[in-house]
Amino acid sequence: MLYDSRSLCVEGELMTSMFRQDSPYNTVMSAIGDLSILNICWIISCIPLVTIGAADTALYTQIEQLQTGRGSHMIRQFFRGLLNNILRSFKLTIVMASIVFLAGFDLWYLSNGMMDSDLSSLAYGIVVTTSFVLMAAGSFVFPLAARSDAKALQLITDSARLSLLHPLYACTIAALKLLPLILVIVAPDALPVILLVWSVLGTGVTAYITNTILLRIHPRPAS
């Protein structure tokens, strides 16, 4: 009976600690819920396509608010940030979309055998490598846009500078952003699962990791 009483006490303490508001379980589940909400808001905001940059900026703004403990009224603040950043982020969207379009066109051109096979393999590798380097160089553009009112050219310059100073972090972020595409190529049968995960949580988690890295290598100045 004594053993049973102690066991019940231990189980009771474990249950109590688990359901405390500040318990690790509740903290993790709350973070997952917040990221899921932001992920869905981001997807809805990207539907017009021209608002992708503004959606990214709004997402990173709310991610930083969560990480610094200042997050409140997430959905309302997200869409307010979206509207406030449409014009500035549109320029960034055009730049990023141009790079993606050129890289995609080059890869399509090379994949369809429109060049000598020997040169095609070399050119394919150059295009893939160059595209990845450019993507890494732009890894911090939208997280930085969420922090300041700097113009598009300044944000691109600052992101490239941070990427040169911290190439491993920049390449990690670029790889994370490419992860769903890589998974689809490696396991095409898992496409429905990959789409489900990224539509519910993937983009939010990637943004969370990216902003965590930015806070580490380029913390906000103390106010």
Inset, instruction - Tell me the label-point distance for the pair TYR109, THR129, using the 7 Å Cα-to-Cβ offset, in nm and rounded to one decimal. - result: 1.9
Legend entry - Pair SER36, ILE182: separation of 7 Å Cα→Cβ label points (nm): 2.6
Legend entry - Listed residues TYR60, TYR124 arranged by accessible area, highest first, probe 1.4 Å: TYR124, TYR60
Inset, instruction - With a probe of 1.4 Å, find how much accessible area segment 62-167 has per residue, and write the answer as a whole number in Å². - result: 61
Inset, instruction - Considering Cα pairs under 8 angstrom that are at least six residues apart, work out the relative contact order of segment 95-223 and quote it in whole percent. - result: 21
Inset, instruction - Assuming a ≥ b ≥ c are the square roots of the Cα gyration tensor eigenvalues, decide whether segment 98-223 counts as rounded (a/c under 1.5), prolate (otherwise, with a/b larger than b/c) or oblate. - result: oblate
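The values are calculated or read from the model by the stated rules, or taken from the named source; none is laboratory data. What you are looking at is a predicted structure, and each value in this text was computed from that prediction instead of being measured. Cβ atoms come from the backbone with ideal geometry, glycine included; neighbour counts cover every protein chain shown. To get the accessible areas, we keep the full protein, side chains included, count just its heavy atoms, and leave off ligands, DNA and RNA. Shrake-Rupley method; radii C 1.70, N 1.55, O 1.52, S 1.80 Å.
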